[in-house]
Amino acid sequence: GYAGVVRFRGVRIGGISGIFKSHDYRKGHFECPPYNQQTIRSAYHVRNIEVFKLKQLKRPMDIFMSHDWPRSIYHYGNKKQLLKMKSFFRQEVESNTLGNPAASELLQHLKPTYWFSAHLHVKFAAFMQHETSSKEELPKATKFLALDKCLPHRDFLQIIDVEHDPNAGDSLEYDAEWIAVLKATNSLVNVTQCSWNMPEKNGLHAKWDYSATDEAIKEVLEELNHNLTIPSNFTLTAACYDPSKPQKNMQPVHTINPQTTEFCAQFGLTDINDRIQQAKEEGSGRGEYEEEEEEEEMDSTGSAEEPSEYTTDNSGLSSINPDEIMLDEEGGDEDLSTCSVDPSPDHPPEFSTSFSDIRIMPDSMAVSSDDAMDSNNEDLEKSAGSKQGEEKSSTERPLKRTGGDENGNSGVKKIKRRNQAIYAAEEEDK
């Protein structure tokens, strides 16, 4: 869920969920329903333990996916065109603060053949040539691609051919190295909102290398009898939406996912959802959980005493991106100022300087000619942009979930959809 690696027809696919917020990066996974105004946002913020786990991988990665863009990736594509299409990215691009710094670190470590991202709702392709650590090492390159929103006249789809094993079956498979890493890092699970650092070679930790040995990977294969097929064991945990039945205004409850339970039991892993529930029950019994919630309400607004090791937060764009869909008030109370913590030698703030500065657009991932705008279109774009801003201010309103009382009041968090005019345009196209 938070991060993972699977295989399909011999293609190794990894990914990490969420967006980066420095004030939550070093916390554990403690959020569960029913959410409050803070945890409903922090629940999808990237944590350092997921990045740490992925950094233990050593075997080649074919495809990696993230919601956030890796920071600095915009320097390796058609940056000029990107800023034409999304002019409000300019400040973050020029200050190199757009995107996820932890994802940049993963990009540097994993060097996948392809990296796909979302979040910023614009089509953008880039080609990054990685530096080699020795003359004997073959140079690796990553083709990056982000796509636009799934709306009429937008570039939301592109077909890419990926080398694979045509004789392999159609089932998703476990990745033995990833399972071995999960087993090795199981003791690092944290379900509290306390900030903590991952083990590193700094004299403070007895162990800092949690990468999988060949023996550990062999043990995983033996546990599975060399059958890596992921079982099709999906189980409903919530009733499907039925528009013919009235919706009751009910608070969501914390559900333990049976597939996760089975997965963790098979490999001897800690079920994070189950551990969160236990911690919640134990804390409530001692009257601590409510106190923690009050502390979290103060702490998850960007005022954490110990920010992450990265010098700047990311995803500040999400608070001003008119195409973004976000939770009500997201970004309004975030502190996007630069952290005062100095970066460590292992985490340089400017990842673009760590890569060879190659900006070549591969033919297979080139932005289409329709994306290119000539100078005559610039004025049209500017006028459309100003009109878009006017439409946004006049049409921005919270969308209510089905249910609630006759006045539209509901106990659940309201969702706000930015730039409603875009969605209205779809009806006009039809």
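Brief remarks follow.
- Given a 1.4 Å probe and the protein chains as shown, Thr260 ends up with an accessible area of around 50 Å².
- Secondary structure note: in segment 3-238, about 55% of the DSSP beta bridges are antiparallel.
- Annotation for segment 101-180: GluC sites (Glu not before Pro) lying in DSSP loop with at most 13 further Cβ atoms inside 10 Å of their Cβ are Glu131, Glu136, Glu137, Glu163.
- Share of carbon and sulfur in the accessible heavy-atom surface of segment 182-267 [1.4 Å probe, %]: 54
- Using a probe of 1.4 Å, the accessible surface attributed to Lys183 totals some 70 Å² when neighbouring protein chains are kept in position.
- Check: segment 3-238 dipole with +1 on Lys, Arg Cβ and -1 on Asp, Glu Cβ, in debye: 1040
- Charge dipole of segment 1-104 (Cα centre as origin; +1 on each Lys and Arg Cβ, -1 on each Asp and Glu Cβ, all else neutral): 340 debye, rounded to the nearest 20.
- Computed over protein heavy atoms with a 1.4 Å probe, the accessible surface of segment 3-238 works out to 45 Å² per residue.
- Top positive-direction residue, dipole computed over segment 1-158 with Cβ charges, set Ser42, Asn96, Tyr114: Tyr114
- Each label point was placed 7 Å from the Cα along the Cα-to-Cβ direction; for Leu236 and Val6 their separation is 2.1 nm.
- Carbon + sulfur, % of accessible area of segment 1-158 - ligands and nucleic acids excluded, 1.4 Å: 54
- Counting 0.36 nm for each residue step from Glu137 to Met250 and taking away their Cα separation leaves a gain of 34.9 nm.
The values are calculated or read from the model by the stated rules, or taken from the named source; none is laboratory data. Note that the coordinates shown come from a computational prediction; the quantities given were computed from them, not determined experimentally. Positions of Cβ are backbone-derived with ideal geometry, glycine not excepted, and every protein chain shown enters the neighbour counts. We work out accessible area using only protein heavy atoms, side chains counted, and drop any ligands, DNA or RNA first. Shrake-Rupley method; radii C 1.70, N 1.55, O 1.52, S 1.80 Å.
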